[in-house]
Every structure is written in C-alpha cells, then in structure tokens.
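Below: one structure, written as structure tokens.
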Amino acid sequence: MTPLTKADVRDAEPAAPTVRLRAEDVRLAYGECTVVDGLDLDVVAGTITAVIGPNGCGKSTLLRALGRLLKPKNGHVLLDGARIDRMATREVAKVLGLLPQAPTAPEGLTVADLVARGRHPHQAWYRQWSADDEEAVALALEWTGIADLAERPVDELSGGQRQRAWISMALAQGTDLLLLDEPTTFLDLAHQVDVLELVRRLHQEAGRTVVMVLHDLNLAARYADRLVAMRDGRIVAAGKPAEVITESLLAEVFGLAARVIPDPVAGTPLVVPMGGHAPSS
C-alpha cells in the first residue's frame, strides 16, 4: 500500500466553508444610543441562520446592518469579501434581498406589480422590461405558490399570502442571499409553519442562503441550521440548535426557567417553559 503524502492529506481535507456575509467588530447605534458593540459574525453559504434573543437585544438592528440599511459606527460588513458600504446599491441588490418587518405596499398594488419591483436592480435606461424579467416574476410566483393571486391587490391578501408575495419580490431580484426580519410576525401558527416550510424549500431546492430573525425558539431550532443567540447587543452563543438551545442559555439570555427535550417530530431541541423567571446567577 502506497503511503499518503502531505499533498494527499491536503487534497482530502474538506474545503473551508464560503463566508457570504461577515460582520467585523461592528458597532451599531441610533444617534448616541449604541445598540450593538464589538460584534463579529460569519454567515456561511448554503445555510439557514436564525438570530434569536429577547426584545431590544439588537437582532433587527444587526440584520439592517447586514443588509446595508444601517452603516456601522465602527467596524465593517463584508459581502463576498468586499465592504458592503463601498459597493453600488444596484450591485448589492442583485446579490442580497432584504425583507423588513411588516412591509407595506401602496394601496391597490397588485401582487404581480409588487413582485415586478424586484426586477428594478436589473433595469437601466438602456435596458427596460424584458422577457427575462417576465420569466423571473413568473418563476418567483410559482416558487411561492401564489401565481393564481397575481392580479389580486396585496392589501386584500391574508397575512400568509401577503408574506409569500413579499418573499416573491425578493426572489424576483435573482438574489441567492435572503435576509428576513421576523417573517412570521402577526401570523397564526399554521401560517408561520407554512412560511418557514417555504424558506426551507428555497434553501434546499433553490440553494438560497438565508438569515432570519425569529422569536419562536422551537421553530428557529427546527428550521435553522445555525442559531445565533443575542443579548444586550452581543452574541452570547452561536452554533447548531442543539448546541445553543440549552437550559442554562435560556436562563442567561431570556431569564426563562425551562426544560429542553427532543422535539418528538423533528428531533430538534424543544423548549418547555416551567413558568416564572429563572433565578439570577
């Protein structure tokens, strides 16, 4: 048997994961009020990352910075290795789609017209609406299962349908990196699961990399490959759901006394609150 050489070992080593978004020593503030300070985060290609934490801990602020809506007071956000603040807005929009909390559409705007707005980054004075744009909109509507609602006004849709329409717009941009800020807010449990099943399908079948802010810990643990737990503007823990969702972390981050058991359906961590607050450490 021929012995392995050092070159063989190097060749056999798995390739390092590709980092799509990176926050480096980021400080985020609104005026003089610092919300996030000294934060480092890597978003790896081909994963679903869920950011969790109590209200006011900086989750949505972090997502705004990753999406170039908020410029850091210190540090940088890198998109595919380049400083996102130095990239042209149109070029960022071709790569990254951001769905904010509770987005609103002009009254009477149809679903098709909303989704078509996702093609704006691809338009220019010398390139108007094309067959490629038409196809991108049709595919986005088909992916989200709302092609039959194309001519309906957005403000007449149910909450779940409306969220699918906004996700369709992000898909029509042609981006493979999606940032979703609380995509299940104001939805009942059935529609929350429906939206997250769509996110999983986009990830698994269409190769989208997703970062989303979620409040429901059990849904976050079920649908995300990686969890990032925040408190007071800093990351307390990051890793696989089973590594992050622990009874000690729930007490530290949420002040919650709870038991963590295996989800009988998915096998992921399931949080069972015990009632009351965890004792202070």
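For the chain, a crude dipole built from +1 on the beta carbon of Lys and Arg and -1 on the beta carbon of Asp and Glu, taken about the Cα centre, is about 700 debye to the nearest 20.
With kT/(6 pi eta Rh) evaluated at 25 °C and eta = 0.890 mPa s, and Rh the Kirkwood radius from Cα pairs, the chain diffuses with a coefficient of 121 µm²/s according to Stokes-Einstein. Identify which of 23, 65, 82 has the largest mean-square fluctuation in a Gaussian network model of the chain, with springs joining Cα atoms closer than 10 Å. Looking only at 23, 65, 82, the largest GNM fluctuation is found for 82.
Of the DSSP beta bridges with both residues in the chain, give the percent that are antiparallel, rounding to the nearest 5.
Values: 28 of 45 bridges.
Around 60 percent of the beta bridges assigned by DSSP in the chain are antiparallel ones.
Averaging the sequence gap over all C-alpha pairs within less than 8 Å and six or more residues apart, then dividing by the number of residues, gives the range 22-73 a relative contact order of 38 percent. For the range 97-174, the extents of the C-alpha atoms along the principal axes are 37, 23, 21 Å, listed from largest to smallest. Exposed loop sites, defined as GluC sites (Glu not before Pro) outside DSSP H, G, I, E and B with at most 13 other Cβ atoms within 10 Å, are absent from the longest region of the chain, namely 152-281. What the range 97-174 shows is 50 Å² of accessible area per residue, with the surface traced by a 1.4 Å probe over protein heavy atoms. Working from Cα pairs under 8 Å separated by at least six residues, relative contact order for the chain is 21 percent.
I'd like the chymotrypsin sites (Phe, Trp or Tyr not before Pro) in the range 74-151 restricted to DSSP loop residues with at most 12 other Cβ atoms within 10 Å, sorted by number.
The qualifying sites are 125, 126, 129.
Protein heavy-atom accessible surface, 1.4 Å probe, per residue over the range 180-251: 42 Å².
Normalised by 2.2 N^0.38 Å, where N counts its residues, the alpha-carbon radius of gyration of the range 154-281 equals 1.15. Computed extension length for residue 101-residue 82: 4.2 nm, one decimal, from 0.36 nm per residue of separation with the Cα-Cα distance subtracted. When the chain is treated as a GNM with alpha-carbon contacts under 10 Å, the residue of 265, 43, 26 showing the greatest mean-square fluctuation is 265.
Taking the chain as a Gaussian network of alpha-carbon nodes connected by springs under 10 Å, the highest mean-square fluctuation of the residues 168, 60, 130 belongs to 130.
For residue 249, neighbours were defined as the other residues whose beta-carbon sits under 12 Å from its Cβ, and their charges (Lys and Arg +1, Asp and Glu -1) total -2. Computed as a quarter of the hull surface, the mean projected area of the alpha carbon convex hull for the range 140-226 stands at 5.5 nm².
The values are calculated or read from the model by the stated rules, or taken from the named source; none is laboratory data. Everything numeric here is computed off the predicted structure, so don't read it as measured data. As a convention, Cβ positions derive from the backbone with ideal geometry for all residues, glycine included, and neighbour counts pool all protein chains shown. Accessible surface is based on the protein model in full, side chains and every heavy atom, while ligands, DNA and RNA are left aside. Shrake-Rupley method; radii C 1.70, N 1.55, O 1.52, S 1.80 Å.
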